[in-house]
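The values are calculated or read from the model by the stated rules, or taken from the named source; none is laboratory data. Please read all numbers here as calculations on a predicted model, not as lab measurements. Cβ placement follows ideal geometry from the backbone for every residue including glycine, while neighbour counts extend to all protein chains displayed.
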């Protein structure tokens, strides 16, 4: 189990490094720092309680991986952070999101998720086909419920928390990766044959 | 006369960003498409000199749209702009007939260079 978490941690680190570069470019050279805390693997019951505040309004950008490698991936950030980020990208000064603001957030999420998917593709040497990303604004609890329900037969939820900050903006968010369990086993076996955790320390 | 460009991306923000970059650098944006299906139909209608193409889009994805456009016009000049930088996807797009592949978020200069290179 520890090796599996190490493997996911490595995936998270590679994905985060891609995402940092991507987001930094989108924020137009604002100095951006992004940290990836240790990957956590939780049961569905634990995941449901992972939410700090079920009532908090959040913005979620999600995609589903279909084809060879299956799973769900979502990027969730508090509504206030999402508005700050949208204003920064569109040059607006709004308290609510408008259509172009939502579109900008969808693109940021798309690029963040794309960075992780590219890292996963690189590690597994497999082409990954994601669905068209979607954006939803709702209560944290409702979003989690639909993510977990949409994940179908998956038994474990892997959470890679991302927290990023800039000198000008205070932003935070969660990147959630839920690999299909059977596929994850196969992927881990494939990658672990040529990857030793201690070599990456 | 300025070369004409058809922008294809399912997010309005990215279409707006690309439009700003392209228009400021001597090209003329002749149209926008929000999915692959619309890109194919607008290509036939507007006959642009160049096309920017996203990959992951509703209705018809970018790879299928590239194949459809190339089937109609073997000399179509298509540049992919996608958040998915997976090697197999890049190869598939180039094999389908794309001239270049840019991974988002792209540098404005890189977009213009790719457009100039494809149109020369």
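Reported count of residues in region A:83-124, each being touching a residue at least 24 places away in the same chain (Cβ under 8 Å), surrounded by fewer than 19 Cβ atoms within 10 Å (Cβ to Cβ) and in contact with a helix residue (DSSP H, G or I) (Cβ under 8 Å, 6 or more places away or on another chain), is 3. The residue that is nearest to the chain's Cα centre (by Cα), among those in region B:11-26 that are more than 14 Å from every other protein chain (Cβ to nearest Cβ) and farther than 15 Å from residue B:78 by Cα, is B:23. Looking only at region B:53-71, filter to residues that are in contact with a strand residue (DSSP E or B) (Cβ under 8 Å, 6 or more places away or on another chain) and within 14 Å of chain A (Cβ to nearest Cβ); which one of those is farthest from residue B:14 (Cα to Cα)? Looking at the filtered set, the residue picked out is B:65. Restricting the search to region B:1-22, which residues are free of Cβ contacts under 8 Å to residues at least 40 places away in the same chain, part of a helix (DSSP H, G or I) and touching a strand residue (DSSP E or B) at 6+ places or on another chain (Cβ under 6 Å)? The answer is B:15, B:19.
Of B:63, B:79, all but one fail to be assigned to a helix (DSSP H, G or I) and under 21 Å from residue A:111 (Cα atoms); the exception is B:63. Take the conditions (1) farther than 29 Å from residue A:85 by Cβ; (2) away from chain A (no Cβ under 14 Å); (3) part of a helix (DSSP H, G or I); residue B:48 misses just one of them, which is (3). Of all residues being more than 7 Å from chain B (Cβ to nearest Cβ) and in contact with a strand residue (DSSP E or B) (Cβ under 8 Å, 6 or more places away or on another chain) in region A:88-119, which is farthest from residue B:90 (Cα to Cα)? Just the residue, please. The residue in question is A:97.
Taking residue B:74, is it assigned to a loop (DSSP other than H, G, I, E, B), more than 12 Å from every other protein chain (Cβ to nearest Cβ), modelled with pLDDT of 95 or more and more than 11 Å from the chain's Cα centre (by Cα)? Answer is yes for this residue. Checked across region B:26-37, the condition of being buried (at least 19 other Cβ atoms within 10 Å of the Cβ), at pLDDT 95 or above, assigned to a helix (DSSP H, G or I) and out of contact with any helix residue (DSSP H, G or I) (no Cβ under 7 Å at 6 or more places or on another chain) holds for no residue.
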